[in-house]
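The structure under discussion appears below in the form of structure tokens.
The values are calculated or read from the model by the stated rules, or taken from the named source; none is laboratory data. Please read these numbers as outputs of a predicted model, since none were measured by experiment. Here the Cβ is made from the backbone with ideal geometry for all residues, glycine too, and neighbour counts use every protein chain on show. Heavy atoms of the whole protein, side chains included, go into the accessibility calculation; ligands, DNA and RNA do not. Shrake-Rupley method; radii C 1.70, N 1.55, O 1.52, S 1.80 Å.
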Amino acid sequence: MTQLQQLRKGSTPLLVLSILSNEKMYGYQIMRELEKRSEGYFTMTAALLYPALHQLEKDGLLKSEWQAGQGKRKRKYYSITSKGRKSLENTNKEWKMFITTMQKTLEA
Amino acid sequence: MTQEYIQSLRNNLKDFPPEEQEILLDELMSHIESGEDDPIMGKNKEERIKKLMSELGNPQDLSKGFKSIYRNNRFIDFLLIVIPYLLYPFLNVMYSNLMTTYNWVDVRLDILIHLPLVVVGLWRKSTLVTLFWVSTLVIQIFAMLISAQGYYGNLQTIIWLVIAFTLITLLGNIVWHHRYDALIIVFALLPLTMLIVGIVLAIINSSADLSSMPQVIDKLILDIYINFAGFGSGYLPFYGTLITISLFVLATNHNVRWIALGFYGLVIGLSRHHLNLFDEIQGLMAPPIYLVYAILPLVLVLLVWRLSQSKAQTQI
């Protein structure tokens with residue numbers, strides 16, 4: 001795995017929490033939203049997204065519920081919990097600090 | 001193409017309980033359905049499926065991801081079963097030595113020492129640890145009460161019965177929760193079933209027909225019984241249970257776990273844990289009783305395995 005791939009994998013929980021901070025979504029919808037917000041830069045496979053969603057749910061940062069969708073099949077909607085919001089806030093701060101420091105260091 | 005993906009994912013998730021498997025597969029099938037209907041994915045269905053497949057990634061990677069979340073505690077489960085189990089012989093020696101001075105140091109202490117393991121199993125949400133210790137303790141309590149024959153008095157007997165029935169309720173609750181997982185149901189109910197079978201066989205012992213079974217098999221079964229099984233503390237029950245349970249807990253392959261469970265059934269049958277109790281009270285039983293008891297658990301495991309396999313095939 002390249003460094004960039006590792007960085008992308010590490011940032012998956014933060015991206016997912018951020019996307020779900022405003023509204024509940026199902027897996028496919030999260031994928032499309034991520035693609036839209038990052039203008040196609042972040043493309044995620046199901047193999048990366050779904051285990052991340054399940055892990056976040058297991059950690060209590062997300063909760064899920066099955067709801068009837070437009071099609072025949074039900075959809076599993078994920079929404080952020082209060083614990084998830086706190087985690088998002090903290091990770092966001094850390095991430096911003098990391099980027100700022102990284103940029104400063106590289107440009108020095 | 002999408003059907004092949006789901007089938008491949010199903011195969012990779014084989015060691016998950018069927019109920020969990022279906023939930024995970026449902027979510028992925030819903031993902032596929034959303035993609036197939038989304039015009040963003042392509043002009044026609046073929047184009048959409050092609051893009052969808054590349055987005056889904058490798059089913060093996062996906063199942064690995066799920067396994068790392070839901071199946072990462074097996075070794076700790078294994079230790080929580082095996083270490084206390086290995087301590088049994090040492091505790092038994094200790095009880096025997098202490099009993100000469102303190103008459104309250106008997107099987108009751110053993111049960112009380114092992115009760116917290118049920119709590120640990122529940123706290124860790126470990127089905128295997130909880131089930132193993134619940135079924136072990138329920139059998140121990142009933143064995144103790146039957147062999148004591150009123151020695152502990154009414155109040156204590158009632159307290160022990162309350163504990164036993166609380167544990168049975170817990171066991172029933174776990175079994176209900178895993179009602180679609182034949183492997184867990186057999187693992188949970190086999191020891192208790194054999195206790196009940198033991199009681200029933202002991203009751204019908206007097207009417208057993210001694211001449212109906214071949215002498216060679218009778219002799220073989222009794223030889224195994226006398227040489228390996230002993231009266232409750234022989235090599236076969238101890239090491240047999242240890243090896244088969246270790247394999248059952250640690251193996252990730254569904255079929256290997258069934259084989260381990262089959263041998264576990266064989267060990268239960270040949271060691272005749274729950275018949276020993278009645279042997280001690282009313283003497284050796286008729287050989288056909290032992291023969292039925294030895295073969296029955298293995299037959300039960302094989303039967304449920306076969307049934308669950310044919311059910312899985314009809315689902316596919």
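Computed with a 1.4 Å probe over protein heavy atoms only, the accessible area of residue A:97 comes to about 130 Å². The accessible-area ordering, largest first, of the residues B:126, B:54, A:18 stands as B:54, A:18, B:126, per a 1.4 angstrom probe. For the stretch A:3-107, the Kirkwood hydrodynamic radius comes to 14.7 Å, computed from all pairs of different C-alpha atoms. Amide H contacts of residue A:25 (H built 1.01 Å from N, in plane; Pro and chain starts excluded): A:78 sit under 5 Å, all sequence-distant by 5 or more or on other chains. Remark: the stretch A:29-44, residue by residue, has Karplus-estimated 3J(HN,Hα) of 5, 4, 4, 5, 5, 4, 4, 5, 5, 8, 6, x, 6, 8, 10, 10 Hz, where x stands for each Gly or Pro and the curve is 6.51 cos²θ - 1.76 cosθ + 1.60 at θ = phi - 60°. Taking every protein chain into account, the accessible area of the stretch B:76-171 amounts to 53 square angstrom per residue (probe 1.4 Å).
Annotation: average projected area of the stretch B:73-177 is 7.0 square nanometres, based on the convex hull of Cα atoms across all directions. Solvent-accessible surface of protein heavy atoms, probed at 1.4 angstrom with all chains present, puts B:147, B:135, A:64 in the order B:147, A:64, B:135, largest first. Put a dot 7 Å past the Cα of residue B:152, heading toward its Cβ, do the same for residue B:176, and the two dots end up 2.6 nm apart.
What does the buried accessible surface come to for B and A, summed over both chains, with the probe at 1.4 Å? Round to 100 Å². Mind dumping the intermediate values first?
On the way: alone 17210 and 7920 Å², together 23080 Å².
Protein heavy atoms only, the B-A interface buries about 2000 Å².
Taken along its principal axes, the alpha carbon cloud of the stretch B:2-66 reaches lengths of 38, 18, 17 Å, longest axis first. Converting phi to 3J(HN,Hα) with the Karplus coefficients 6.51, -1.76 and 1.60 and the offset θ = phi - 60°, the stretch B:250-258 yields 7, 5, 9, 7, 4, 5, 4, 5, 5 Hz in sequence order, with x at every glycine or proline.
Output ³J(HN,Hα) for the stretch B:42-55: one whole-Hz value per residue in order, computed from phi by the Karplus curve 6.51 cos²θ - 1.76 cosθ + 1.60 with θ = phi - 60°, and x for Gly and Pro. Per-residue couplings from phi come out as x, 6, 10, 4, 4, 5, 5, 5, 4, 5, 4, 5, 5, 6 Hz.
Given a Förster distance of 60 angstrom, what is the FRET efficiency for residue B:64 paired with residue B:159, based on the Cβ-Cβ distance and rounded to 0.05? Efficiency computed from Cβ-Cβ geometry: 0.80.
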